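Some notes on the structure that comes next.
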Amino acid sequence: MAKKSSKDRLTNEINAGSMADIAFLLLIFFLVTTTIVQDKGITVKLPPWSEEEVDATKLKTRNVFSVLVNAQNQLLVRDEPANIEQLKDRAKEFIMNPRGQEDLAEKPTKAIISLKNDRGTNYETYLEVYNELKAAYNELWDEEAQSKYGTEYSDKMPREQKKAIKGKIPFVLSEAEPTSFGEEK
Amino acid sequence: MSKFSKKRGKSTPAISTASLPDIIFMLLFFFMVVTVLRDSSLMVKVNTPQASELTKLEEKSLVNYLYIGRPTDQYKEQYGTSPRLQLGDKFATVDDIPLFLEKHKIKVAENKRARITSSLKVDGDVTMGIVQDIKTQLRKSNQLKVNYSAKPKNE
């Protein structure tokens, strides 16, 4: 009798051992097909829309770092042709003005970067230029954070520290209305 | 003594793997939930440029996507090769942006609306004209937080 009952139990139990394999198969399928999309990019705060154009003539020329990009993707930095490789270092020098030169920004808070492009400029070039300018500021913030707080500049920093750094070296980039010489037809 | 050993001997069968599927299923469901299937198929070619100064987009629900690029081969005949804007899953013009933004906005809780970001997924090969028009339109509709989507630079 006892033997029979044990046999009964054996036949009633469904073997669930292969269930794990099936689930594994599905899991691996999802693991392989999932591309964890990394949504990264350059975050920009656009200026609010206003009808009147900002008058740049009131600013002292020494405080303005003008960058022009034409439809042939060539750069004109402070009225001289320039290379994109030098852009970051030139911008950094302009903002900080370590040797107190006459033609560079009076102080970082007064420095303004003015970016102007053509409607025919390639987006890739535009973003590259923007990236370099942002990199200049990021490096300056990093240096400031290193010397003041001994840490590198990151989003994890306390808010007051970040505010202090950004107050000392504010990111001011004004984008002028683009010219339309090389507009694609 | 004999009673003790007998009991022990009886209660050591193979470890039950019956809960293994449950664990695996849990993992499976996790991945199924996390996986974001792209909700709109791209009708324009978008190959974003590379950049180094990237920030991550935090909350997916607070992001709306604007695709700008040249129509893919499938749509070339119908729409030409000049850069176009795609909103959702169809071609759009600059004038459609305010409505698109508004449609996204009503789905977002009111206290989070200030943090809505527009992700511009722009092909590197596009000229700035259309991008500029879209930027102007975004400014006019008071959507000022913009993210130029880019790939990390491989050193």
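Annotation: B:ASP89 fulfils all but one of (1) more than 8 Å from chain A (Cβ to nearest Cβ); (2) in contact with a strand residue (DSSP E or B) (Cβ under 9 Å, 6 or more places away or on another chain); the unmet one is (2).
Filtered by the rule that a residue be within 12 Å of chain B (Cβ to nearest Cβ) and closer than 17 Å to A:ILE113 by Cβ, the stretch A:164-185 gives A:PHE171, A:GLU175, A:ALA176, A:GLU177, A:PRO178.
Condition test on A:ILE22, is it within 14 Å of another protein chain (Cβ to nearest Cβ), modelled with pLDDT under 85, out of contact with any Pro (no Cβ under 6 Å at 6 or more places or on another chain) and assigned to a helix (DSSP H, G or I)?
Details: within 14 Å of another protein chain (Cβ to nearest Cβ): yes; modelled with pLDDT under 85: yes; out of contact with any Pro (no Cβ under 6 Å at 6 or more places or on another chain): yes; assigned to a helix (DSSP H, G or I): yes.
It is true that A:ILE22 is within 14 Å of another protein chain (Cβ to nearest Cβ), modelled with pLDDT under 85, out of contact with any Pro (no Cβ under 6 Å at 6 or more places or on another chain) and assigned to a helix (DSSP H, G or I).
Here the condition is being hydrophobic (A, V, I, L, M, F, W, C), over 22 Å from B:THR72 (Cα atoms) and crowded, with 19+ Cβ neighbours inside 10 Å; of B:VAL131, B:VAL146, B:VAL108, it holds for B:VAL146 alone.
Checked against (1) in a helix (DSSP H, G or I); (2) surrounded by 13 or more Cβ atoms within 10 Å (Cβ to Cβ), A:MET157 passes all but condition (1).
Please tell me if B:VAL44 is of a type in the set (A, V, I, L, M, F, W, C), within 14 Å of another protein chain (Cβ to nearest Cβ), in contact with a helix residue (DSSP H, G or I) (Cβ under 9 Å, 6 or more places away or on another chain) and in contact (Cβ under 8 Å) with a residue 24 or more places away in the chain.
yes
Across the stretch B:142-154, not a single residue is classified as of a type in the set (Gly, Ala, Ser) and over 19 Å from A:ASP39 (Cβ atoms).
Do we have any residue at all in the stretch A:77-85 that's of a type in the set (D, E, K, R), surrounded by 13 or more Cβ atoms within 10 Å (Cβ to Cβ) and either under 21 Å from A:THR125 (Cα atoms) or modelled with pLDDT of 80 or more (or both)? There is at least one residue in the stretch A:77-85 that is of a type in the set (D, E, K, R), surrounded by 13 or more Cβ atoms within 10 Å (Cβ to Cβ) and either under 21 Å from A:THR125 (Cα atoms) or modelled with pLDDT of 80 or more (or both).
The values are calculated or read from the model by the stated rules, or taken from the named source; none is laboratory data. Just so it is clear, the structure is predicted and the values come from calculations on it, not from any experiment. Note that we place each Cβ from the backbone using ideal geometry, even for glycine, and neighbour counts take in every protein chain shown.
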